[in-house]
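**Student:** Sharing a structure with you now.
Computed from the coordinates by the stated procedures, all read-outs in this text should not be read as laboratory data. All values derive from a computational prediction rather than experimental measurement. Cβ atoms come from the backbone with ideal geometry, glycine included; neighbour counts cover every protein chain shown.
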Amino acid sequence: MKRLKRTEAYDVSLDIKDDHFINPPKETQRNAVVNRALKEFCADLNALNEQSKNFVPGETSANDFVGFTDREQALLSDQEIMEDWQIPLMEAMAKAITRGGGDILEVGFGRGVSADMIQKYSIDSHTIIECNDNVIDEYFNSWKATYTDKDIRLVHGLWQDTIDDLGRYDGILFHTYPLNEDEYMEYVNASITFAEHFFSYASEHLKPGGSFTYFSNEIQSLSREHQHLLLKYFSSFNVSVVSLKIPQNVKDTWWADSMVVIEAVK
Ligand SMILES: C[S@@+](CC[C@H](N)C(=O)[O-])C[C@H]1O[C@@H](n2cnc3c(N)ncnc32)[C@H](O)[C@@H]1O
């Protein structure tokens with residue numbers, strides 16, 4: 001089966017060599033689904049063409065993460081922990097996760113920006129998993145001291161080592177970063193979205209109807225591959241597109257002026 005899609009800007013050619021590949025009962029069904037897949041691919045290219053016109057150059061490339069030093073206990077500046085342009089993403093995630101109140105789990109404290117926003121909503125408890133001793137000394141301890149009357153619990157360690165001892169939550173916010181090159185290769189390069197490696201844990205630690213939130217490096221929608229993965233672990237999801245004031249010299253590997261925040265419901 002051959003298909004060719006020609007436009008002024010590009011040609012896409014598809015040659016399905018295996019007759020058993022996409023082989024429903026009727027030939028018309030095969031034509032319909034293959035044509036739709038090709039149409040969707042071209043629509044995605046056209047969307048990327050438009051979106052990439054607004055990219056900023058940035059200062060970092062994905063290659064910069066090869067050989068980068070271990071960050072588990074690194075002493076980092078505010079902007080190295082999280083650049084300010086990400087703050088609207090924290091707002092969207094804090095709002096999504098606190099909708100139903102209850103018990104909230106936050107994975108990765110960082111500067112405490114999202115933690116502070118979570119506390120603005122009416123919740124019962126706020127459990128935070130954080131591995132970096134410097135983050136706890138420099139940011140967490142003073143932040144917690146401003147909320148003496150709130151139920152805030154710190155779980156000090158890697159989430160991978162501690163989550164099995166935790167129960168179920170009404171909301172889970174996941175915002176970590178890769179700690180070393182191996183994590184970068186696995187969680188960023190080889191994944192559909194960074195939070196993918198946490199999906200099964202999020203699903204296991206959510207109460208029925210509870211929601212899990214994270215942001216994804218996608219500009220204005222979710223890929224079909226990403227949606228398939230979400231629906232394997234969760235019953236439904238919401239996607240919001242968050243506008244960003246992305247600086248020309250952004251250090252993170254992101255260059256577009258929006259990103260998506262996902263709220264997946266167990
Ligand atoms: C980008 S920061 C979080 C920023 C935070 N949302 C804010 O608003 O400031 C990521 C945090 O996750 C922590 N972290 C990274 N990997 C972790 C892991 N495997 N377990 C626990 N904490 C982790 C880092 O030490 C860092 O403090």
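**Student:** When a footprinting reagent is the concern and you count Cβ atoms within 10 Å, what order do T162, T176 take, fewest first?
**Tutor:** Numbers: T162 15, T176 21.
Fewest-to-most Cβ neighbours within 10 Å comes out as T162, T176.
**Student:** Of K39/K232; K120/K266; K120/K207; K5/K26; K95/K266, which sit over 19 Å apart, Cα to Cα?
**Tutor:** Over 19 Å apart, Cα to Cα: K39/K232; K120/K266; K120/K207; K5/K26.
**Student:** Under 10 Å, Cα contacts only: if you run a Gaussian network model on the chain, which one of I152, I128, I246 comes out with the highest mean-square fluctuation?
**Tutor:** I152
**Student:** Still on this model: Under a point-charge model restricted to the Cβ atoms of Lys and Arg (+1) and Asp and Glu (-1), what is the dipole moment magnitude of the chain relative to its Cα centre, in debye to the nearest 20?
**Tutor:** Details: 25 positive and 43 negative charges, 317 e Å.
Once rounded to the nearest 20, the dipole reads 1520 debye.
**Student:** Looking at the square roots a ≥ b ≥ c of the eigenvalues of the Cα gyration tensor of the stretch 71-265, which shape do they give, rounded for a/c under 1.5, prolate if a/b is larger than b/c, or oblate? All intermediate terms of the calculation are to be shown ahead of the outcome.
**Tutor:** Working: a/c = 1.34, a/b = 1.09, b/c = 1.23.
Rounded is the answer for the stretch 71-265, as its axis ratio a/c remains below 1.5.
**Student:** Okay, next question. Within 10 Å of each candidate Cβ there may be at most 13 other Cβ atoms; applying that plus a DSSP loop requirement, which trypsin sites (Lys or Arg not before Pro) in the stretch 18-63 survive?
**Tutor:** On the way: sites: K26, R30, R36, K39, K53; in loops: K26.
Answer in residue order: K26.
**Student:** Gaussian network model of the chain, Cα springs within a sub-10 Å range: biggest mean-square fluctuation belongs to which of L206, L38, L222?
**Tutor:** Looking only at L206, L38, L222, the biggest GNM fluctuation is shown by L38.
**Student:** For the chain, modelled as a GNM with alpha-carbon contacts under 10 angstrom, which of V12, V135, V242 fluctuates the most?
**Tutor:** Residue with maximal mean-square fluctuation among V12, V135, V242: V12.
**Student:** Evaluate the relative contact order of the stretch 70-185 (contact order divided by residue number), counting alpha-carbon pairs under 8 angstrom at least 6 apart; express in whole percent. Provide the component values of the computation, followed by the final result.
**Tutor:** Values: 167 pairs, mean separation 39.2, N = 116.
Relative contact order for the stretch 70-185 comes out at 34 percent.
**Student:** Within the stretch 179-194, list the residues whose amide N lies under 17 Å from a label point set 7 Å along Cα→Cβ of Q73.
**Tutor:** Correct set: 179-180.
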